[in-house]
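Asks: Input: one structure, supplied below.
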């Protein structure tokens, strides 16, 4: 859908314009106060001839020229007739503030469907319903319903939010500058994915910030994220739904289903989309990118403090937020030592002492020397900026930063204050002009610095998403033998196996496989083989094999009456190793997601799993394994042999490719366990769930 | 040491008083500007007759009356002669700003020792050296060297810090009100523990906040914490040293050793001392207690929002910060439903909609109803307070809160904004007057609310600390048999065991113990018995026993040549269960610390251990076990039997009591593993390290 008439209209009509408080009046006042050009603005109100000294039309149809955008401040029941009028004025966009739609239950949901149908028929892109509107600071269009303080908010952050209040939060922030802010509300025929795509493509937007509750166009979302990753344009998203309670609230708020939360987070990670945990983080991260002159080339940071105590706090926080501390080259250290008093010591975090912090030329020298060190990627000044300059050290440090940033080759600089404050406006302005983000205080600042450094270091590997074409309702499970055979045919390495329906077949198979063997019931109807006595391990010879065969058949006849017994499955006993599990779950939005974790209690108790969309590159697979907290167990833990991690990564890649190829076939795959040893990997058991009707196999 | 002349002086002399910038001038200006009573203030400067229009004395000895406190703004080499003069004026306290002491290395350390000696000889309590001074807002004495903005800072927070800059951070905060702020610097003959004790005892101080780098008087610290716990006076501490880097910095900053960081955190926990992670948390927590009208009776919270989006964020953050959401009683829910529009739903977090938030009387009704619900312990409004009132909802909500707080029986109310800001001063004032803490934004606010609720719920169980009287340099290890026998004599239950030096003794012992048995080498010289072939398990009969005996003796002669072999240790095979480890480590400051964790990789990889000072009460032991992340494994995980956790807690208590009794005897104890089953606990192995010279046994 074309959003140009909606977001960049040439002519605008406010329907329900008014001088009174409320949606109509507040929108009118906001528009007059904050918009750049009022030449093609029209007020419509059947009861008024004039509003704030401007002509008021009694109907859209009275307006002489065509109208690109209508802003409807009127109640729900008036909306469809107004859209019909608007269409006759060649309107292509509408903002609908009215509530009473999908957020109110079944009846409202039906009303919203009617609205979507009519808007589509008329070719009008609708923002809302149940939204707060938008502001386009590039073209100067302020179609937003909540009153805000008067001040320049133009900049390069594009923000879209399913909550109008959260847009207001952004507008309330004293530091943020926007290209566009959009309150998408219930997302009728224009979805949050459409706005995201617009903002990612928009050249006036340097960084995209979004608050989302759910996803309705997964393929478009993935494609938009991919586009952003390729352009290296940062996208920051606050997605509620980490807790069950917030998932519940999202459903009742804008009627969206939050979907599988973990899946969406894995998608974010794939494309380097930055996740924010709350509003302050959302805004702080967006603002960091907005102000930052250029991205750091690496993650190694030098922190500069003017207090031993604050340097200590900085050390603790930089470790907590995984910000690597740069090691100075010896010549840098020696030079800095000449700048501090004799008792001072050059460290990182670097307690500069007042000798440096208080002295603009010396501070400039220190920053230049640190910046010239090729072991340093970024500099962060950690010092509180107070609302007024009573502590001159602060202002001198700001001046020094401002001076050096004019010079070529200076590395990116960040600033983190220690306490929450409004900041001294002149200092903030100087830092902004110098391209030095003034981050929020303390933990927020360190967390945001970490996120910016991670984004800068992120390398997107292009890989096609495997979004399924269909979502069949029915599925059925395969037996272990069938599951393993399926994997094998798809190029996934599996240990040798054979099925046998008689003693003779079993003995014959044992000749090829070699003892010792494991023997399990072969039946598509029995999932939990041990529970029905269907497993015998460590079988050493023909005699034990025949006995095992008989006992298994007898046990299963008794404990699983009615199950079709097709004989037994024979496999050589595997060399035990570190037990891992690998799973595939075909998400209805984003397709097959691959999961890896350490077997046993690790997965369940410590939630130590990694999840990513299939397919994977070798590097992505390696990273998933390395990011497991139990990774040291694979890597020569306590004198154990180092496991063949490359083989494990390779197995993950093959499974992921198989899952992507079979995105319309495989519903679930559970490989549990796979043994990893110094010699390689061995899948011990697998269960496959495939789409389709079992009766039609 | 008596601190009254230092912190509450009747007469004060500033030595080195001046009109120029620098320590002397800034201190003089600060004193004149912020102190209440200048009647007994004297300036001393040998080169001046008048300073800021007041007489300047050329020497302390010229002053007519006695001087309680001298503030020395002069360099290091003048300090001891000035203290000697001061002593002749019956001085009892001195503030020493000068640096050049223990923070500068060995020579400085010696200078500081001389200072301590002289100050003690003269009976003068010295603040510093290398400090920034103090302010006593109760008596109006401002002996602080850094300039600050002019504003009323009096209140009920008592703050002490080893960093002067961090005191300045507190003074910079726009919300905090203090009884005392103290920059302790290098802590010469008055330690941070002395100031803490003063503040805990001081009736003008409602909450104590401290920044500390190290501990030098552990017994006094523990006693002070105990006093605070008994008075239920909150103590909030920011202690750097979580990272190795910050431990290093602390050593070079004020010359203090940070000690065993984890031990100190366990001590905090024992006494309900609240730990802050950075400055904003330190100040935010202190300020929450400072403003709060009364402590909540429990932890169940209702959150009130005016936005679905913000309610979702609130839900996620309340889960993340472990704040239990209250369930309304049905009548509360029904009543609230009458206050919201039809489409609104009553939930927690409660999106009140503008119908309530915008309407003062209705908002009052909602708060009253929620407050009257006995399933609710506290209320938290989560809404941004902007610097100006352009969003009237905000101000109306503040008004409503302010009105209801006047009424009897209203539960404690907190306020968390979503973004960092300076706050509308009038709203902040109204909330402070109403006893409603205005917390810092977002994550900080939720984390602080959690800490306040935890403190309110904390019940201190009085128990005597076991701080050792001596720290012997030598120690030696006991054999497993000796270790277990020691435990048994001390009332710790251990499984039956016997030692045997011959086949005959072994067979005899087996008769009593019963097969199957484990057989291990009995030698004080062999710690890792398996490594030398010194262990045989699951021995079934006399014949196997004799063979095991011979093999073990042979293996150990071969692989541990020279070790004294005293025969073998026999024990019945234990029923396997969940493997735990229990350890004791005798901290040189705080005595025996007891550790419990799940055996194997859990302890090392997931750091899933709990640490506490010995002795423990049964409740404390139970809590330690419950707080293990692997706790579900003991509690009937995946259909396994529920383990006897009471027996495990009882074992912990007995070991802790033994460790406390033997605080001058035991250096270390390592019990690994202890098996926990549904029937109880069984110690499988133990190694004891005791103080003393092995040769003198």
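The values are calculated or read from the model by the stated rules, or taken from the named source; none is laboratory data. Just so we're clear, the structure is a prediction, and the values are computed from it rather than from any experiment. Cβ coordinates were reconstructed from backbone atoms using ideal geometry, including for glycine residues, and neighbour counts include every protein chain displayed.
Asks: Which of (1) outside the structural domain of residue B:281 (by TED's automatic domain parsing); (2) in contact with a helix residue (DSSP H, G or I) (Cβ under 8 Å, 6 or more places away or on another chain) is the odd one out, the single condition residue B:157 does not satisfy?
Replies: Residue B:157 satisfies every listed condition except (1).
Asks: For residues that are within 14 Å of another protein chain (Cβ to nearest Cβ) and either farther than 12 Å from residue A:317 by Cα or in a loop (DSSP other than H, G, I, E, B) (or both), tally how many sit in the stretch A:428-447.
Replies: 6
Asks: Strands (runs of 3 or more DSSP E) wholly in the stretch B:1-119 with at least 3 residues that are assigned by TED's automatic domain parsing to the domain that holds residue B:129 and surrounded by 14 or more Cβ atoms within 10 Å (Cβ to Cβ) - which ones?
Replies: Qualifying strands (runs of 3 or more DSSP E): B:12-15, B:41-44, B:69-72, B:93-96.
Asks: Could you grab me the full set of residues in the stretch B:130-166 that are at the interface with another protein chain (Cβ under 9 Å from one of its Cβ atoms), at pLDDT below 95 and touching a strand residue (DSSP E or B) at 6+ places or on another chain (Cβ under 8 Å)?
Replies: Residues satisfying the conditions are B:162, B:163, B:164, B:166.
Asks: Identify all residues within the stretch A:360-383 that are part of a loop (DSSP other than H, G, I, E, B) and either more than 14 Å from every other protein chain (Cβ to nearest Cβ) or modelled with pLDDT under 95 (or both); write none if there are none.
Replies: Once the filter is applied, which keeps residues that are part of a loop (DSSP other than H, G, I, E, B) and either more than 14 Å from every other protein chain (Cβ to nearest Cβ) or modelled with pLDDT under 95 (or both), the stretch A:360-383 yields A:373, A:374, A:375, A:376, A:377.
Asks: Would a scan of the stretch B:232-255 turn up a residue that is part of a helix (DSSP H, G or I) and more than 12 Å from every other protein chain (Cβ to nearest Cβ)?
Replies: Checked the stretch B:232-255: no residue is part of a helix (DSSP H, G or I) and more than 12 Å from every other protein chain (Cβ to nearest Cβ).
Asks: Now for a separate question. When you go through A:502, A:475 one by one, which is the residue that is surrounded by fewer than 22 Cβ atoms within 10 Å (Cβ to Cβ), touching a residue at least 24 places away in the same chain (Cβ under 8 Å) and touching a strand residue (DSSP E or B) at 6+ places or on another chain (Cβ under 6 Å)?
Replies: After applying the criteria, what remains is A:475.
Asks: In addition: Given the conditions (1) under 24 Å from the mean Cα position of the chain (by Cα); (2) closer than 30 Å to residue B:579 by Cα; (3) modelled with pLDDT under 90, which single one is not true for residue A:637?
Replies: (1)
Asks: Which condition does residue B:235 not pass, out of (1) in contact with a strand residue (DSSP E or B) (Cβ under 8 Å, 6 or more places away or on another chain); (2) surrounded by fewer than 24 Cβ atoms within 10 Å (Cβ to Cβ), if it passes all the others?
Replies: It is condition (2) that residue B:235 fails.
Asks: Which number in (1) more than 10 Å from chain A (Cβ to nearest Cβ); (2) crowded, with 17+ Cβ neighbours inside 10 Å; (3) within 15 Å of residue B:413 (Cα to Cα) marks the one condition that residue B:305 misses?
Replies: Just one mismatch for residue B:305, condition (1).
Asks: Turning to a different aspect of this structure: Do we have residue B:523 as surrounded by 12 or more Cβ atoms within 10 Å (Cβ to Cβ) and in contact with a helix residue (DSSP H, G or I) (Cβ under 8 Å, 6 or more places away or on another chain) here?
Replies: Here the answer is yes, as residue B:523 does meet what is asked.
Asks: Take residue B:451 and tell me if it is outside the structural domain of residue B:659 (by TED's automatic domain parsing), within 30 Å of residue B:587 (Cβ to Cβ) and buried (at least 19 other Cβ atoms within 10 Å of the Cβ).
Replies: Yes.
Asks: Regarding residue B:176, is this residue closer than 17 Å to residue B:239 by Cβ and either outside the structural domain of residue B:71 (by TED's automatic domain parsing) or in contact with a strand residue (DSSP E or B) (Cβ under 8 Å, 6 or more places away or on another chain) (or both)?
Replies: Criteria not met by residue B:176.
Asks: Ok, one more. Taking the condition of being without any contact (Cβ under 8 Å) to a residue 24 or more places away in the chain and in a helix (DSSP H, G or I), how many residues in the stretch A:384-400 meet it?
Replies: Of the residues in that region, 0 qualify.
Asks: For the stretch B:596-607, which positions are surrounded by fewer than 21 Cβ atoms within 10 Å (Cβ to Cβ) and touching a strand residue (DSSP E or B) at 6+ places or on another chain (Cβ under 6 Å)?
Replies: B:599, B:603
Asks: Next up: Hey, does the stretch A:50-67 have a residue that's under 40 Å from the mean Cα position of the chain (by Cα) and away from every other protein chain (no Cβ under 14 Å)?
Replies: yes
Asks: Identify, by number, the condition in (1) more than 11 Å from chain A (Cβ to nearest Cβ); (2) within 28 Å of the chain's Cα centre (by Cα); (3) over 27 Å from residue B:459 (Cβ atoms) that residue B:299 doesn't meet.
Replies: The single condition residue B:299 does not satisfy is (3).
Asks: Criterion first (at pLDDT below 95 and either closer than 30 Å to residue A:593 by Cα or part of a loop (DSSP other than H, G, I, E, B) (or both)) does residue A:456 satisfy it?
Replies: no
Asks: Sticking with this structure for a sec: Only residues that are part of a strand (DSSP E or B) and more than 27 Å from residue A:654 (Cα to Cα): list them for the stretch A:478-518, please.
Replies: Of everything in the stretch A:478-518, just one residue is part of a strand (DSSP E or B) and more than 27 Å from residue A:654 (Cα to Cα), namely A:500.
Asks: Of the conditions (1) under 27 Å from residue A:150 (Cβ atoms); (2) under 39 Å from the mean Cα position of the chain (by Cα), residue B:375 clears all except one; give me its number.
Replies: Unmet condition: (1).
Asks: Now for a separate question. Could you please let me know if residue B:457 is out of contact with any strand residue (DSSP E or B) (no Cβ under 9 Å at 6 or more places or on another chain), more than 14 Å from chain A (Cβ to nearest Cβ) and within 30 Å of residue B:223 (Cα to Cα)? Full working, then the answer.
Replies: Numbers: out of contact with any strand residue (DSSP E or B) (no Cβ under 9 Å at 6 or more places or on another chain): yes; more than 14 Å from chain A (Cβ to nearest Cβ): yes; within 30 Å of residue B:223 (Cα to Cα): yes.
Yes, satisfied.
Asks: Taking residue B:183, is it under 21 Å from the mean Cα position of the chain (by Cα), within 14 Å of chain A (Cβ to nearest Cβ), under 20 Å from residue B:264 (Cα atoms) and in contact (Cβ under 8 Å) with a residue 40 or more places away in the chain?
Replies: Spelling it out, it is not the case that residue B:183 is under 21 Å from the mean Cα position of the chain (by Cα), within 14 Å of chain A (Cβ to nearest Cβ), under 20 Å from residue B:264 (Cα atoms) and in contact (Cβ under 8 Å) with a residue 40 or more places away in the chain.
Asks: Can you name the residue in the stretch B:318-331 that is without any contact (Cβ under 8 Å) to a residue 60 or more places away in the chain and within 16 Å of residue B:298 (Cβ to Cβ) and is also nearest to the other protein chains (Cβ to nearest Cβ) among such residues?
Replies: Only one residue fits best here, namely B:325.
Asks: With respect to residue A:486, is the statement that it is within 25 Å of residue A:681 (Cα to Cα), crowded, with 19+ Cβ neighbours inside 10 Å and modelled with pLDDT under 95 true?
Replies: Against the criterion (within 25 Å of residue A:681 (Cα to Cα), crowded, with 19+ Cβ neighbours inside 10 Å and modelled with pLDDT under 95), residue A:486 does not qualify.
Asks: Sticking with this one: Quickly run through the stretch A:325-345 and pick out the residues that are part of a helix (DSSP H, G or I) and either surrounded by 19 or more Cβ atoms within 10 Å (Cβ to Cβ) or in contact with a helix residue (DSSP H, G or I) (Cβ under 6 Å, 6 or more places away or on another chain) (or both).
Replies: A:332, A:335, A:336, A:339
Per-residue answers, yes or no, for (1) surrounded by fewer than 21 Cβ atoms within 10 Å (Cβ to Cβ); (2) at pLDDT 95 or above; (3) in the same structural domain as residue B:434 (by TED's automatic domain parsing); (4) more than 30 Å from residue B:105 (Cβ to Cβ):
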{"site": "B:231", "(1), (2), (3), (4)": "yes, yes, no, yes"}
{"site": "B:243", "(1), (2), (3), (4)": "yes, no, no, no"}
{"site": "B:264", "(1), (2), (3), (4)": "no, no, no, no"}
{"site": "B:275", "(1), (2), (3), (4)": "yes, yes, no, yes"}
{"site": "B:314", "(1), (2), (3), (4)": "no, yes, yes, yes"}
{"site": "B:317", "(1), (2), (3), (4)": "no, yes, yes, yes"}
{"site": "B:320", "(1), (2), (3), (4)": "yes, yes, yes, yes"}
{"site": "B:323", "(1), (2), (3), (4)": "no, yes, yes, yes"}
